[in-house]
Ligand SMILES: Cc1ncc(COP(=O)(O)O)c(C=O)c1O
């Protein structure tokens, strides 16, 4: 894209905003002009100058209500004063040591106090790393190397976790009618596909049948019970039961990916679904806005990483793992995301979904808003959403969603590019009403166009 293609919707040359200028500059030194695949959208995102509570102030001085919250990683929005204070204090003491600090103990204790199953923890720097660590941990416990994951579900960019992330309808089923293992990145080693079994998110019988056949060779089953890419709808209880039965029967490790959905409950999402994971992967809000990941679980499982008696079955390290800034921000974030805060934010999420769904129904529109707690996702179609396949936008919807996203941004509200979002604690009913009414208006305008 050149400067000449940055046009406004009248077709006239747009005034060269500071964000546009920054994008043109970034394109020269960064492929695609964006550091992150998921956070780019056409013609270019606004560039943030700073954040303030639930607002982003962009380079052009525009105030944008932030519902993306760095892909759901900010429970308290931007520059939350207790996090700023904790970071200011921590940064003055030094940012990285090759010896431990007490803050890492405190954050691990905080997780354990919120959910006793998070008995022991190792911190790392991203959710991707946490998933990789958990999968390696499961392999270390079982001595097996294959894993199973659910079709369309995102768990970061570790090779096995990426399989069938965005498979297309023509490649969905294998010869036996089961979800096929499809490479996401070009050049994925064939062994990765052979070693990754793909499960259907909403079909308990098929899931049980696949696990009956494959179970004895599996090290782990990884699942997110309210997966965004599977529509942000709950995984059916019967599927969860099939998974837990297979794990118990065949000695498979259950990994629950709570990188996003930890925010749904005070103790995270596993207790809400009756899940009993061997490993839990965490990230996002537990780092208070700094890079973070964690693998956590019962001490008997976490022993796989224990080096006290020499080289562990699985060695975990990382130069900046459990760095003091992340630990300080994470502690402040979770201290202020207590049971009352979780309940309040979940209530606002419920209000948002109800208001949007009532508004769309009143306008006779087919769409609906899915989600749980403080997370939401707009589906513009009329069909029942129950898994990745049904949630995958049809061609017309794939064209409508960016227009709705752009209309929202035009009205000063940032969603993620697929029109999902997360609320943050600085928001109140006023913001929820604004988000809902703007989204209803944008959706009506899209359907009437
Ligand atoms: C469910 C889930 N797991 C893992 C990850 C990877 O986390 P990170 O981006 O910190 O590597 C993400 C990121 O969005 C996620 O949504």
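The values are calculated or read from the model by the stated rules, or taken from the named source; none is laboratory data. Note that the coordinates shown come from a computational prediction; the quantities given were computed from them, not determined experimentally. So basically every Cβ, Gly included, is an ideal-geometry build from the backbone, and we count neighbours across all protein chains shown.
Given the residues 171, 151, 166, which is the only one that is within 16 Å of the ligand (Cβ to nearest atom) and surrounded by fewer than 19 Cβ atoms within 10 Å (Cβ to Cβ)?
Details: 171 fails: within 16 Å of the ligand (Cβ to nearest atom); 151 fails: surrounded by fewer than 19 Cβ atoms within 10 Å (Cβ to Cβ).
Only one candidate passes the filter, namely 166.
Of the residues making up segment 337-352, those that are closer than 17 Å to residue 260 by Cβ and either free of Cβ contacts under 8 Å to residues at least 40 places away in the same chain or in a loop (DSSP other than H, G, I, E, B) (or both) number 1. Run down 325, 290, 282 and say which single residue is in contact with a helix residue (DSSP H, G or I) (Cβ under 7 Å, 6 or more places away or on another chain) and over 15 Å from residue 259 (Cα atoms). Only one candidate passes the filter, namely 325. Being farther than 21 Å from residue 298 by Cα, touching a helix residue (DSSP H, G or I) at 6+ places or on another chain (Cβ under 9 Å) and away from the ligand (no atom under 16 Å from the Cβ): is that true of residue 146 here? Here the answer is yes, as residue 146 does meet what is asked. Elements of the type strands (runs of 3 or more DSSP E) sitting completely within segment 51-147 and holding at least 3 residues that are in contact (Cβ under 8 Å) with a residue 60 or more places away in the chain: these cover 63-66, 120-124.
Here's the yes/no breakdown for (1) more than 16 Å from the ligand (Cβ to nearest atom); (2) at pLDDT 95 or above; (3) touching a strand residue (DSSP E or B) at 6+ places or on another chain (Cβ under 7 Å):
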site	(1), (2), (3)
74	no, yes, no
83	yes, yes, no
101	yes, yes, no
112	yes, yes, no
115	yes, yes, no
135	no, yes, yes
142	yes, yes, yes
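From 274, 251, 283, 265, which residue is out of contact with any strand residue (DSSP E or B) (no Cβ under 8 Å at 6 or more places or on another chain), touching a residue at least 40 places away in the same chain (Cβ under 8 Å), under 28 Å from residue 330 (Cβ atoms) and not assigned by TED's automatic domain parsing to the domain that holds residue 70? Talk me through it step by step, then tell me what you get.
Numbers: 274 fails: touching a residue at least 40 places away in the same chain (Cβ under 8 Å); 251 fails: under 28 Å from residue 330 (Cβ atoms); 283 fails: out of contact with any strand residue (DSSP E or B) (no Cβ under 8 Å at 6 or more places or on another chain).
265 is the lone residue from the list that is out of contact with any strand residue (DSSP E or B) (no Cβ under 8 Å at 6 or more places or on another chain), touching a residue at least 40 places away in the same chain (Cβ under 8 Å), under 28 Å from residue 330 (Cβ atoms) and not assigned by TED's automatic domain parsing to the domain that holds residue 70.
In this structure, residue 36 does not qualify as modelled with pLDDT of 95 or more, outside the structural domain of residue 417 (by TED's automatic domain parsing) and either farther than 26 Å from residue 154 by Cα or exposed (fewer than 13 other Cβ atoms within 10 Å of the Cβ) (or both).
A Cβ distance below 6 Å, combined with a sequence gap of six or more or placement on separate chains, defines the contacts here; from segment 212-230, residues that are more than 10 Å from residue 153 (Cα to Cα) reach no residue that is surrounded by fewer than 24 Cβ atoms within 10 Å (Cβ to Cβ) and at pLDDT below 95.
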